[in-house]
Amino acid sequence: MKFSDLSSIKVHIIGINGIGMSALAIYLKKNNVDITGSDITYNANTINLEKYKIPVYIGHKISNIKDREVIFYSTAIKNNPEIKEAKKNKIPCYNRSKLLQLICRDKFTIVVSGSHGKTSTTSFLGHLLVCAGLNPTVISGGVMQNFGQNIYLTNSKYVVVEADESDGTVFKLNPKYLLYLNVDREHIDFYKSYSNFKSKIKKYIYRQSKKDSKIFINNDDYFLSPLKKYSGNIKTFGSNSDANYSYKLINLTNKRSYFNFLIGKKILFKNLSTNLLGEHNVQNLTAVLSIIDDLGYKIKKSHILSFRGTKRRMNILGKLKKTIFIDDYAHHPTEIEKLINVISLYKKKNVCLIIEPHRYSRLNDLYGEYLSVLKNVKNLIILKTYEAGESYKKGMKNSKNLVNDLNVLNNQKTKYVDNYRDLFSLLDQFVTNKRESIIISAGAGDISSQIRFFYDSRK
């Protein structure tokens with residue numbers, strides 16, 4: 001199947017309201033594909049899809065696919081009646097990765113992947129390439145603040161795409177440029193073991209290095225750095241000057257991050273600043289600048305400062321009295337650790353961190369890492385574990401276990417809250433307190449919508 005084939009058939013997307021699927025749905029619609037979709041809930045992505053006149057059915061029913069000729073479905077979809085009916089009637093069904101593969105096949109594709117930072121990096125790269133005049137289509141796993149949605153559509157042959165590892169999507173793509181940010185212990189439910197996950201990455205980078213792909217890898221990453229030996233097509237970025245491209249930190253504040261950008265030992269940009277906070281964002285920006293330099297495009301310092309970030313990445317919601325509310329997506333211990341490092345920049349503020357653990361399997365696999373990262377947080381609230389389609393099994397660790405063990409380590413400073421009504425009561429106490437405070441919520445589940453509801457209801 002070619003992408004052009006889709007223009008002559010009727011397409012249905014199951015799980016269309018997901019952040020990744022909705023972007024692909026919009027891409028299809030703008031390319032004149034007859035498309036419908038279904039999902040279990042109505043959300044902000046649904047509203048955006050409706051703006052493009054894409055029919056979205058709420059609830060999964062056999063009738064949703066009555067005239068459809070091909071089905072694409074989200075990885076999150078399990079035991080779905082529409083898929084069962086489609087297979088019964090011999091309607092072809094494909095995972096989301098197949099659709100992304102079709103979109104990218106005939107394009108000059110720049111793929112961004114890695115365990116952490118993909119969305120922010122994809123958004124930043126897309127923004128700067130637009131500023132530089134390349135004007136690519138950008139497909140992201142989050143809402144890009146500069147573009148107002150999760151996709152930026154152009155007629156260009158260039159496409160920048162965030163490629164997920166969670167279902168093996170990235171390994172099915174053959175990009176012109178591959179940016180691999182980092183590797184961490186993640187997605188064990190899909191790959192069965194961390195060693196298998198790393199093996200897949202290693203084989204993929206080796207395969208692409210033997211093709212005409214240009215590959216950029218993180219020289220600071222313990223796993224990725226040794227892979228630079230594979231081919232002259234591989235370049236590195238990182239914090240040390242032995243990388244092809246590197247950064248030197250000047251200052252990190254709670255307003256901006258300042259750094260120099262170097263090629264080898266030569267400073268290409270001096271005293272750059274970004275509104276993104278923390279060294280991890282400086283590292284990701286270094287990766288972005290590396291690709292732009294290799295492509296031969298030029299950007300200005302003002303272009304970097306004009307990047308407004310990605311929704312749910314240290315996204316400031318606003319202020320209630322003397323309390324600032326910040327929303328973040330961090331849900332893996334490594335991401336939470338980076339978030340805590342950013343929190344440390346607010347030295348004179350009363351900061352409260354709210355964590356919603358995401359999936360029992362992740363909490364169990366990384367339980368020791370969660371304890372290590374969270375044990376020194378002074379004001380910490382932990383919510384009930386967000387199931388994300390999983391069922392609790394006897395013997396698994398949960399949020400209560402995490403709180404109990406943390407309180408042994410930090411002298412009873414961690415609070416457990418199993419419902420949002422009780423959380424809102426605690427937050428009201430912060431708001432009425434006369435101290436200047438910051439509430440930072442983090443997680444990949446319901447926490448974001450609930451915190452936004454709390455903030456909006458009390459403005």
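Readers should treat all values here as calculations from the given coordinates under stated rules, not as data from a laboratory. Because the structure is predicted, anything quoted here is derived from the model rather than measured. Note that we place each Cβ from the backbone using ideal geometry, even for glycine, and neighbour counts take in every protein chain shown.
Observations, loosely collected:
- Global form of the stretch 3-96, assessed from the alpha-carbon gyration tensor, a/c cut-off 1.5: oblate
- Ordering of 99-107, 26-34, 416-424 by packing is 99-107, 26-34, 416-424, highest average first (other Cβ atoms within 10 Å, averaged per residue).
- Projected onto planes of every orientation and averaged, the convex hull of the alpha-carbon atoms in the stretch 130-254 covers 9.9 nm².
- Note on the stretch 278-321: Cα Rg divided by 2.2 N^0.38 Å, N the number of residues, gives 1.49.
- Between the stretch 282-304 and the stretch 60-100, the alpha-carbon center distance in angstrom: 40 Å
- Put simply, the Cα atoms of the chain extend 62, 58, 42 Å along their principal axes, the longest span coming first.
- FRET efficiency, Thr41 to Lys378 (Cβ-Cβ, R0 51 Å, nearest 0.05): 0.90
- Sorted by Cβ density within 10 Å, fewest first, the residues His127, His60: His60, His127
- Efficiency of FRET between Asp456 and Asp67 - r from beta-carbon atoms, R0 60 angstrom, step 0.05: 0.90
- Each Cα pair under 8 Å and six or more residues apart adds its separation to the average, and for the stretch 126-195 the resulting relative contact order is 22 percent.
- Normalised contact order of the chain, rounded percent, pairs of Cα under 8 Å and 6 or more residues apart: 10 percent
- Spherically averaged projected area in nm², based on the convex hull that wraps the Cα atoms of the stretch 224-329: 8.1 nm²
- Within the chain, percent of DSSP bridges classed antiparallel, to nearest 5: 30 percent
- Reciprocal of mean inverse Cα separation for the stretch 286-392 (Kirkwood radius, Å): 16.6 Å
- Dividing the summed -39500 (n - 2.57) terms of all DSSP H runs of n ≥ 4 by the residue count of the chain sets its mean residue ellipticity at 222 nm at -10000 deg cm²/dmol.
- Full-extension gain in nm, Phe108 to Ser344, via 0.36 nm per residue minus C-alpha separation: 80.9 nm
- Globularity ratio of the stretch 4-44, using Cα Rg and 2.2 N^0.38 Å: 1.14
- Distance from the Cα centroid of the stretch 132-165 to that of the stretch 242-270 is 25 Å (rounded to whole angstrom).
- Here the simple spin-label model places points 7 Å from the Cα toward Cβ, and for Tyr222 and Asn410 these points are separated by 2.4 nm.
- Note on Ser457, Ser231, Ser399: ascending count of other Cβ atoms within 10 Å places them as Ser457, Ser231, Ser399, the fewest first.
- Among Thr41, Thr137, the ranking by other beta carbons within 10 Å of each residue's beta carbon, starting with the fewest, stands as Thr41, Thr137.
- Entries in Lys30/Lys61; Lys118/Lys176; Lys322/Lys415; Lys229/Lys265; Lys172/Lys202 that, when Cα-Cα distance is taken, lie over 24 Å: Lys30/Lys61
- Considering only Thr119, Gly232, Ile267, and ranking their Cα positions along the charge dipole of the chain that arises from unit charges at the beta-carbon of Lys, Arg, Asp and Glu, the one farthest toward the positive end is Ile267.
- When the Cα gyration tensor is reduced to axis lengths a ≥ b ≥ c, the ratio a/c is 1.5 or higher for the stretch 315-457, and with a/b above b/c it is classed as prolate.
- Relative contact order (percent, whole number), the stretch 107-305, Cα cutoff 8 Å, 6+ residue spacing: 17 percent
- Theoretical FRET efficiency, 1/(1+(r/R0)^6), r = Cβ-Cβ of Asn364 and Asp428, R0 30 Å, to 0.05: 0.35
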